[in-house]
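Student: Structure incoming, see below.
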Amino acid sequence: MSSWRSLILRIGEKSPEYGGTIDHKDHIDACFGAVRRELEHSEDEILTFLLQCSEQLPHKIPLYGTLIGLLNLENEDLVKKILETTQKSLQDALDSGDCNKIRISMRFLTVLMCSKVVQPSSLVVVFETLLSCAATIVDDEKGNPSWQARADFYITCILSCLPWGGSELVEQIPEEIERVMVGIEAYLSIRRRVSDVGLSVFENINKDKLHVEQDFVEDLWGRIQDLSKNSWKLESVPRPHLLYEAQLVAGKSHDFGAISCPEQPDTPEALTEVSFGRQKHEAELKYPQRIRRLNIFSASKTEDVQPIDRFVVEEYLLDVLFFLNGCRKECAACMVGLPVPFRYEYLMAETIFSQLLLLPQPPFKPMYYTLVIIDLCKSLPGAFPAVVAGAVRALFDRISELDMECRTRLILWFSHHLSNFQFIWPWEEWAYVLELPKWAPQRVFVQEVLDREVRLSYWDKVKQSIEGTSALEELLPPKGGPDFRYSSEDEDKTEYTLSTELNGMVKGRKTARDVIIWVEESVIPVNGVEVALRVVVQTLLDIGSKSFTHLITVLERYGQVIAKICPNEETQIMLISEVASFWKNSAQTTAITIDRMMGYRLISNLAIVKWVFSQSNLDLFHTSDRLWEILRNALNKTYNRISDLRKEIINLKKNVVKAEQSAAKAKAELDAAETKLMLVDGEPVVGENPARMKRLKSNAATTKDDELSIRESLESKQALFARALEENQALFMSLYKKFRDVLMERLDDAFAFGENENHEHEAMAVDVDEEDNENQNPAMDMDKENGTSKRYTTSEKQEWCLSTLGYVKAFSRQYASEIWPHMDKLEEEIVTESVHPLFRKAVYSGLRLHIDG
C-alpha cells in the first residue's frame, strides 16, 4: 500500500504510519502533505480512495472533512468532483433505498459544511427535500401512511446530522435551520407513534407503558432538543476543523447539486387492515430501525454519558459493525479505539447484544457478533469480559420475559462463547435452577446451553467444566449413541432376524431395487407395513450411525427403499418417530437426520408439522428446544427453496431479455446480408458471400434456439415456483391450524376468564443470598453486584401456553413475508374472531398488526 493510501486509511489511529501518536493536527498535516504531493499523478485514485474511506470508516468523517477542506484551498476542481460524486451517490442511494449510504452521505455533507466546503444553505435544501417527502408520506390525503417507515428514516437522517454540524448551522444560518426544526416538529405532530409490538426483546410487563413511552424518532428528537439547549456541546464528536478555522475560512464554499426523493408507492385501492399491514411490512423491511436499546445495565454504569453522546457512540459502533463485517479483527480494533474521551465498555456490550437480539432479524448472522465479542474480550481482557458477564447475568435474570426467538439466539451465542474460553463459567451461581420446576425458563436455559456445549465439544469435557457444581449434571443431555432396537434378540426375534437379513443385504452391496423386492415380497405380506418400516428404518439408521458421511451414503443408496415404504404423510410421520426413537439420546443427530431426509424428499414439511404436534410431543413444548429446532429447520428449508426459485426466475428473466436482443441482432444481420446486392461474374446477385451467409444463418438459428431454451427453463421454474407457493400456503395453514388446535385445548384451562388479554409472566421475585465467587473467570469475570435471582411460580399449564404462544409470535415474525400473501385466507379459516384472543394476539404481534380488545 502506497504511503498516501496508508496515511488516509490510518488517520486518527495510534498506528506506525503516524509514529504511534493520536494527535489530530499532526495526523491531518502529515496526511495533507502526502496527498498534496501525489495529486498531480494520482488525482482520480485519491478521490476514489478518500470517498471510499469516508463511507466505510464514518467514525473518521470529521478528519476526512477537514482534509478535504484543506485540499479545497489549493484544488477546487478536485473538491467539485468530490461533491459531484457524492451527489450522484446520494441520489442513487435514495432511489435504491440504501439506508446506510444515505445516512453516511448526509453526515459527510454536514462535516464538509463545517470545513467550509459546502454552502450551509445547500445542506438545508437537502434537509428540506427529505422533510417535505416525509411530511407528504404521512399525510392521510396526499400520501401513503403505510410507508411511514421511510418518512421516519428520512427524519432520523436529518436529526442524526446535527451532532456533527448543528453548532455551525445555528451560527451561520439560524433562521433556515430553525425552519427545518419547526418542520420536523410539525411532522412529529402528524405521524403515528411506532409501537415495538412484536419486535421488543422483552415482553412489556407494564402494558400501560406503551401509551406513554417515546418511540425511536421521538427519543432522538428529545436528545437533539437537549443538545440545542446545551449550546450544541458534546464530547463524542471530534471537531478538528476548528484547529484550521483561520485557514478554512479562506476557501470557497460550493453549492451541492439538487436531489429528489423516489415516488411513494400507491395506496391500495381497497384499504383494509391487511392491505395496509402488507405495505407497512414491506416498508419496515426496506427501512428498518437500526437499534432497539436493551437497557440491561443499571443507570450507574452509563450515567456519566449524556443521552446525545450515547446516540453518537451507538452510531459509531453500528457503523463499524456494518462496514467492517468482513474483517472481525479490524472491526474489534476500531470498536476499541473510537474517538471519544470517555469509557464506553458497557455501552459497547449493550449495543452488540442489541444487534445480536435485534428483531425481526439482525443485520448479520449471529455468528458474526459472537466472533466480535470474543475478539473484544481478548482485546480488553481487564474490562470487557466482566461487562459481558454482567450482560449475561442481566439477561438471565429476565429470561422469563425474553422473546422466545431471542432466548434461542442467546443460548446459541452463550454456548459458543463459552466454547472459546474452555467452557469456564461460575455455574454455582445458577445451581439454584435445580430447585425450580423443569419448565422454569431459567432451568430450561441452563439445560439448553449445556446441550449446545456438548454439541460443540463432547460430553465428558462439558461434565468436567461443571465439576464445581456437580449437581448440574442432572441437566446434561443423555450420554451415549444411538438406541438401536435390534441390538439383541430380546426385543423381537422375528424383527431381529429381518434386520440381520437386511444388514447382510446392504453389506453384500445389494441394490435398492433388490431390497424393495425383498420388502414387498417377503416382509410386508407376512409382517405388515409397520414392521417393514420399523425394520428398514432402524437397520439403515444403524448402518449410517457411524458418521454423517455414512448417513448420507445410506440415504443416497437406499433412500428409494424408504420412499417406497413411506409414500404418504401417515407413514412419513411413522418414519420421523423411528428416527426420533433411534436418536433419542442426541437431539442434534435427530435434527440432522430429519433435515437430510427432507432434503432427499423422503419426508414432507407437512409430515414434520404433524409429527411435531402429535400428542406424544406436546408435553415437551415448554421444556426443550428439540422439537422447535426440527420445525425451524423444516420451515427454513421450505423458505430457502422458494427464495432460490425467486432468484433463479429473476436471473432467467434477465437472460431472456439478453437472449432476445442477441437473437434480434443476429436476425437483423442475416436480413441485411440477404438483401445486400453483390456482383458475381459481373452480374448483380442478392446476398452476401456464401460462406458468410452460412455463418450468419447458423448464428441466427443458434441464438433463436438459445432464446427458446431459456424461455422453456423460465416457464419450468415458474411452474415449480407456483407449485412451491401452493405448498407453502398449505404448510402455513397446517402450522397455524395445529397451533390453534393445541392452544384452544389448554388456554382456557390455564388462564381464568378475564385475564386473557392482560396476562403476563407471573413470576415472583424472592431474594436469594449467594456467596461471592472467589474464582474469577478469565473469559467472564464475576459481576458481584448481581446477588439476587428469581424463583419461578408460574404454573406448568401457564408456562406451556406462554412458551407455545411465544413460538407462534416468533414464527409469524420470522416468516412474515411468506405469510402476508395468505393472510386473507388465514383470517377467514384459522385466525377468526372465535379463536382465543391470546392466540390472535400472538399471530398479529408477530405480523406487527394491532388488534382491539
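Student: Among (1) open to solvent by 40 Å² or more (accessible area, probe 1.4 Å); (2) of a type in the set (A, V, I, L, M, F, W, C); (3) not in a helix (DSSP H, G or I), which single condition is Ala333 missing?
Tutor: (3)
Student: Can you tell me which of (1) at pLDDT 95 or above; (2) in a helix (DSSP H, G or I) is the one Thr638 doesn't meet?
Tutor: Unmet condition: (1).
Student: Same structure, new question: Tell me, yes or no, whether segment 559-568 has at least one residue that is under 30 Å from Val446 (Cβ atoms) and among the hydrophobic types (A, V, I, L, M, F, W, C).
Tutor: Initially, segment 559-568 is screened for residues under 30 Å from Val446 (Cβ atoms), giving none.
No, that holds for no residue.
Student: Does Arg596 satisfy being closer than 26 Å to Leu450 by Cα, among the charged types (D, E, K, R) and under 30 Å from the mean Cα position of the chain (by Cα)?
Tutor: Values: closer than 26 Å to Leu450 by Cα: yes; among the charged types (D, E, K, R): yes; under 30 Å from the mean Cα position of the chain (by Cα): yes.
Yes; evaluated as a whole, the condition is true for this residue.
Student: Residues in segment 400-416 that are open to solvent by 30 Å² or more (accessible area, probe 1.4 Å) and among the aliphatic types (A, V, I, L, M): how many?
Tutor: 1
Student: Still on this structure, I have one more. How about segment 271-325: which of its residues are hydroxyl-bearing (Ser, Thr, Tyr) and out of contact with any Lys or Arg (no Cβ under 8 Å at 6 or more places or on another chain)?
Tutor: Of segment 271-325, the ones hydroxyl-bearing (Ser, Thr, Tyr) are 272, 275, 287, 298, 300, 302, 316.
Thr272, Ser275, Ser298, Ser300, Tyr316, listed by residue number.
Student: Please state which of the following conditions Asn636 fails to meet, knowing it meets all the rest: (1) of a type outside the set (Lys, Arg); (2) touching a residue at least 40 places away in the same chain (Cβ under 8 Å); (3) over 28 Å from Asn503 (Cα atoms).
Tutor: Tallying (1) of a type outside the set (Lys, Arg); (2) touching a residue at least 40 places away in the same chain (Cβ under 8 Å); (3) over 28 Å from Asn503 (Cα atoms), Asn636 fails exactly one: (2).
Student: Go through segment 258-308 and give me each residue that's under 25 Å from the mean Cα position of the chain (by Cα), over 19 Å from Arg103 (Cα atoms) and among the basic types (Lys, Arg).
Tutor: Those that are under 25 Å from the mean Cα position of the chain (by Cα), over 19 Å from Arg103 (Cα atoms) and among the basic types (Lys, Arg): Arg278, Lys280, Arg293.
Student: Starting from residues that are part of a helix (DSSP H, G or I) and more than 18 Å from Glu827 (Cα to Cα), keep the ones in segment 281-291 and report whichever is least open to solvent (accessible area, probe 1.4 Å). Walk me through how you get there before you give the answer.
Tutor: Restricting attention to segment 281-291, the residues satisfying the condition of being part of a helix (DSSP H, G or I) are 281-286.
Checking the rest, the ones that are also more than 18 Å from Glu827 (Cα to Cα) come to 282-286.
Values: Glu282: 101, Ala283: 0, Glu284: 49, Leu285: 94, Lys286: 86 Å².
Per the criteria, the residue is Ala283.
Student: Look through Leu271, Leu294, Leu243 and report the one residue that is touching a residue at least 60 places away in the same chain (Cβ under 8 Å) and surrounded by fewer than 19 Cβ atoms within 10 Å (Cβ to Cβ).
Tutor: Leu243
Student: Residues of segment 133-165 being over 31 Å from the mean Cα position of the chain (by Cα) and surrounded by 22 or more Cβ atoms within 10 Å (Cβ to Cβ), which ones?
Tutor: The answer is Gly165, and nothing else.
Student: Follow-up. Considering only residues of segment 180-194 that are in contact (Cβ under 8 Å) with a residue 40 or more places away in the chain and open to solvent by 30 Å² or more (accessible area, probe 1.4 Å), which is farthest from Gln148 (Cα to Cα)?
Tutor: So the residue we want is Ala186.
Student: Ok, one more. Checking Gly382 against (1) open to solvent by 20 Å² or more (accessible area, probe 1.4 Å); (2) over 15 Å from Leu412 (Cβ atoms); (3) in contact (Cβ under 8 Å) with a residue 24 or more places away in the chain, only one condition comes out false. Which one?
Tutor: Checking Gly382 against (1) open to solvent by 20 Å² or more (accessible area, probe 1.4 Å); (2) over 15 Å from Leu412 (Cβ atoms); (3) in contact (Cβ under 8 Å) with a residue 24 or more places away in the chain, the one that fails is (3).
Let's see how each residue does on (1) touching a helix residue (DSSP H, G or I) at 6+ places or on another chain (Cβ under 6 Å); (2) part of a helix (DSSP H, G or I); (3) free of Cβ contacts under 8 Å to residues at least 40 places away in the same chain:
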{"site": "Phe108", "(1), (2), (3)": "yes, yes, no"}
{"site": "Thr136", "(1), (2), (3)": "no, yes, no"}
{"site": "Asp139", "(1), (2), (3)": "no, no, no"}
{"site": "Gln148", "(1), (2), (3)": "no, yes, no"}
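Student: Residue check: is Leu73 more than 30 Å from Leu285 (Cα to Cα) and open to solvent by 40 Å² or more (accessible area, probe 1.4 Å)?
Tutor: yes
Student: If we keep just the residues of segment 521-553 that are free of Cβ contacts under 8 Å to residues at least 24 places away in the same chain and either charged (D, E, K, R) or farther than 16 Å from Leu498 by Cβ (or both), which is most open to solvent (accessible area, probe 1.4 Å)?
Tutor: Lys546
Student: Quick check on segment 417-427. Is at least one of its residues open to solvent by 10 Å² or more (accessible area, probe 1.4 Å), at pLDDT 95 or above and in contact with a Phe, Trp or Tyr (Cβ under 8 Å, 6 or more places away or on another chain)?
Tutor: No, segment 417-427 has no match at all.
Student: Please find, among Glu55, Glu128, Glu45, Glu38, the residue that is part of a helix (DSSP H, G or I), more than 26 Å from Ala250 (Cα to Cα), in contact with a helix residue (DSSP H, G or I) (Cβ under 6 Å, 6 or more places away or on another chain) and of a type in the set (D, E, K, R).
Tutor: Working: Glu128 fails: in contact with a helix residue (DSSP H, G or I) (Cβ under 6 Å, 6 or more places away or on another chain); Glu45 fails: in contact with a helix residue (DSSP H, G or I) (Cβ under 6 Å, 6 or more places away or on another chain); Glu38 fails: more than 26 Å from Ala250 (Cα to Cα).
Criteria check complete, one pass: Glu55.
Student: Just give me the residues in segment 793-805 being open to solvent by less than 10 Å² (accessible area, probe 1.4 Å) and either in a helix (DSSP H, G or I) or at pLDDT 95 or above (or both), in sequence order.
Tutor: Listed by number, the residues that qualify are Glu799, Trp800, Cys801, Ser803, Thr804.
Student: If you don't mind, there's one more thing I want to ask. Pairs, please: C-beta under 9 Å, at least 6 apart or cross-chain, first residue open to solvent by 30 Å² or more (accessible area, probe 1.4 Å) and in segment 305-327, second basic (Lys, Arg) and part of a helix (DSSP H, G or I)?
Tutor: Gln306/Arg223; Pro307/Arg223; Arg310/Arg223
Student: Kindly establish whether Ile102 is within 27 Å of Thr129 (Cα to Cα), surrounded by 15 or more Cβ atoms within 10 Å (Cβ to Cβ) and in contact (Cβ under 8 Å) with a residue 24 or more places away in the chain.
Tutor: Details: within 27 Å of Thr129 (Cα to Cα): yes; surrounded by 15 or more Cβ atoms within 10 Å (Cβ to Cβ): yes; in contact (Cβ under 8 Å) with a residue 24 or more places away in the chain: yes.
For Ile102, the condition - within 27 Å of Thr129 (Cα to Cα), surrounded by 15 or more Cβ atoms within 10 Å (Cβ to Cβ) and in contact (Cβ under 8 Å) with a residue 24 or more places away in the chain - is met.
Student: Taking the conditions exactly as written (in contact with a Phe, Trp or Tyr (Cβ under 6 Å, 6 or more places away or on another chain), farther than 24 Å from Phe127 by Cβ, hydrophobic (A, V, I, L, M, F, W, C) and crowded, with 21+ Cβ neighbours inside 10 Å), does Val111 satisfy them or not?
Tutor: no
Student: What about Ser457, is it open to solvent by less than 70 Å² (accessible area, probe 1.4 Å), over 23 Å from Ala563 (Cβ atoms) and within 44 Å of the chain's Cα centre (by Cα)?
Tutor: Criteria met by Ser457.
Student: Now for a different question. Pairs please, first residue from segment 4-26 and without any contact (Cβ under 8 Å) to a residue 12 or more places away in the chain, second anywhere and assigned to a loop (DSSP other than H, G, I, E, B) and not aromatic (Phe, Trp, Tyr), Cβ atoms under 8 Å, 6+ apart in sequence or on different chains.
Tutor: Within 8 Å, the pairs are Gly20/Lys14; Thr21/Lys14; Ile22/Gly12; Ile22/Glu13; Ile22/Lys14.
The values are calculated or read from the model by the stated rules, or taken from the named source; none is laboratory data. Just so it is clear, the structure is predicted and the values come from calculations on it, not from any experiment. Positions of Cβ are backbone-derived with ideal geometry, glycine not excepted, and every protein chain shown enters the neighbour counts. These accessible areas exclude ligands, DNA and RNA; they are computed on the full protein's heavy atoms, side chains included. Shrake-Rupley method; radii C 1.70, N 1.55, O 1.52, S 1.80 Å.
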